[in-house]
Every structure is written in structure tokens, then in C-alpha cells.
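Q: Quick one: this structure, given as C-alpha cells, is what I'll be asking you about.
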Amino acid sequence: MKIVVLGGTGTIGRRVVEDLLDFSDANIVVAAQKAQPHRSSRVTAVSVDVTDVVKTARIILNSDVVINCVNYYFNLQVMRACLKAGVHYVDLGGERVKLVFVGTA
């Protein structure tokens, strides 16, 4: 299984990565603004700008699921990238805001 953790170097994202390492056998891609090497050979670090939907979709393509740990301001761009790549999406939540999605990815 391949899991992409967007924002995987942030406060919550780092914990998500550690839990995945402890409780799964998944290969993990940590995608963040600035890629940082990880001590585990199961983790690959890549740089991503989630506001670029096309490039984000390329990064997450062929993964089983994306866990979104980036700031909620970027949720729509991340959702669009997941739709474009055909990848399952899990969001850890955030501020209470009304999101309206109109159109296609």
C-alpha cells in the first residue's frame, strides 16, 4: 500500500507519519513545501506546492490514499488534485468553513 501524507512535515503530519510507520506496513510519501529526509526507508520525501493542482495530481497518482494534513485554506486544491488523480482522500479537518465546490477537477 502507498499512502501520501500531504503536509507530512508539519505538527500533525509528522505524527500521522509516525503512526503509519508504527501501525502499518505501508510505503509512505511525505509531500511538503520543503522535502525533508526521513530516517525510515519506507518514507520518501517530495516537495509539493498544493496550489498547483496538476503537479500535485502527478505526485499522488498511483497512491492508494492521500491523507491531507495541510492548512484548511488549501483543501479545495487538494480535493481537486485527488479527483484528477482518482485517489481516495482523507482530511483531518480544520476550521469550520463553508466550502462550495462547483464544476469539475
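Q: Taking the Cβ of Thr56 as the centre, find all other residues whose Cβ is under 12 Å away and add up their charges (Lys, Arg: +1; Asp, Glu: -1).
A: On the way: positive: Lys55, Arg58, Arg80, Lys84; negative: Asp49, Asp52.
Around Thr56, the charge tally is +2.
Q: Next up: Could you check the spin-label model distance between Asp64 and Glu18? Points 7 Å from the Cα along Cα→Cβ, value in nm.
A: 2.3 nm
Q: How would Met1, Met79 line up from fewest to most surrounding beta-carbon atoms within 10 angstrom?
A: Details: Met1 11, Met79 18.
Going from least to most buried by this count: Met1, Met79.
Q: Under a Cβ-Cβ cut-off of 12 Å, what is the net charge of the residues other than Leu21 that fall near it, where Lys and Arg count +1 and Asp and Glu count -1?
A: 0
Q: Could you give me the ³J(HN,Hα) list for the range 62-79, computed from phi with Karplus coefficients 6.51, -1.76, 1.60 and θ = phi - 60°, whole Hz, x at Gly and Pro?
A: Values per residue, Gly and Pro as x: 6, 8, 7, 7, 10, 9, 8, 10, 7, 4, 4, 4, 9, 4, 5, 5, 5, 4 Hz.
Q: Moving to a separate point now. If I stretch the segment between Arg39 and Leu83 completely, what's the gain in nm (0.36 nm per residue apart, minus their alpha carbon distance), one decimal? Each step should come with its number before you reach the end.
A: Details: separation 44, 0.36 × 44 = 15.84 nm, distance 3.11 nm.
The Arg39-Leu83 span can extend by a further 12.7 nm.
Q: Enumerate the calculated ³J(HN,Hα) couplings along the range 47-59 in order (Karplus 6.51 cos²θ - 1.76 cosθ + 1.60, θ = phi - 60°), each rounded to whole Hz, writing x wherever the residue is Gly or Pro.
A: Per residue, the Karplus-derived 3J(HN,Hα) values read 8, 8, 10, 5, 6, 9, 4, 5, 5, 5, 4, 5, 5 Hz.
Q: For the range 84-89, what does the Karplus curve 6.51 cos²θ - 1.76 cosθ + 1.60, with θ = phi - 60°, yield as ³J(HN,Hα) per residue in whole Hz, taken in order and with x for Gly and Pro?
A: For the range 84-89, the Karplus-derived couplings read 4, 7, x, 10, 4, 10 Hz, x marking Gly and Pro.
Q: Related question: With the convex hull built on the Cα atoms of the chain, state its orientation-averaged projected area in nm².
A: Taking the Cα atoms of the chain, their convex hull projects to 6.3 nm² on average.
Q: Additional query: Counting only helical runs of four or more DSSP H residues, what would the 222 nm mean residue ellipticity of the chain come to if each run contributes -39,500 (n - 2.57) and the total is spread over all its residues? Write out the running numbers ahead of the final one.
A: On the way: 3 runs with 32 residues, N = 105.
About -9000 deg cm²/dmol.
Q: Could the peptides 24-34, 41-51, 5-15 be put in order, highest first, of the mean number of other beta-carbon atoms found within 10 Å of their residues? It would help to have the intermediate numbers written out before the result.
A: Working: 24-34: 17.5, 41-51: 15.5, 5-15: 19.4.
Most protected by this proxy first, the peptides run 5-15, 24-34, 41-51.
Q: Separate question: For the chain: lysine pairs with Cα atoms under 19 Å, gap of 8 or more or different chains, count?
A: Working: Lys2/Lys55; Lys2/Lys84; Lys34/Lys55; Lys55/Lys84.
Summing the qualifying lysine pairs gives 4.
Q: Let me ask something else about it. Which residues' amide hydrogens lie under 5 Å from the amide hydrogen of His88, considering only partners 5 or more residues apart or on another chain, with H built in the peptide plane?
A: When sequence neighbours closer than 5 places are left aside, the close amide H contacts are Val66.
Q: I would also like to ask the following. Averaging sequence separations of C-alpha pairs under 8 Å and six or more residues apart, then dividing by the length of the range 2-91, give the relative contact order as a whole percent.
A: On the way: 172 pairs, mean separation 26.5, N = 90.
In percent, rounded to a whole number, it is 29.
All of the numbers you see were taken from the coordinates with simple rules; none came from a lab. The structure displayed is predicted, hence computed values, not measured ones. Here the Cβ is made from the backbone with ideal geometry for all residues, glycine too, and neighbour counts use every protein chain on show.
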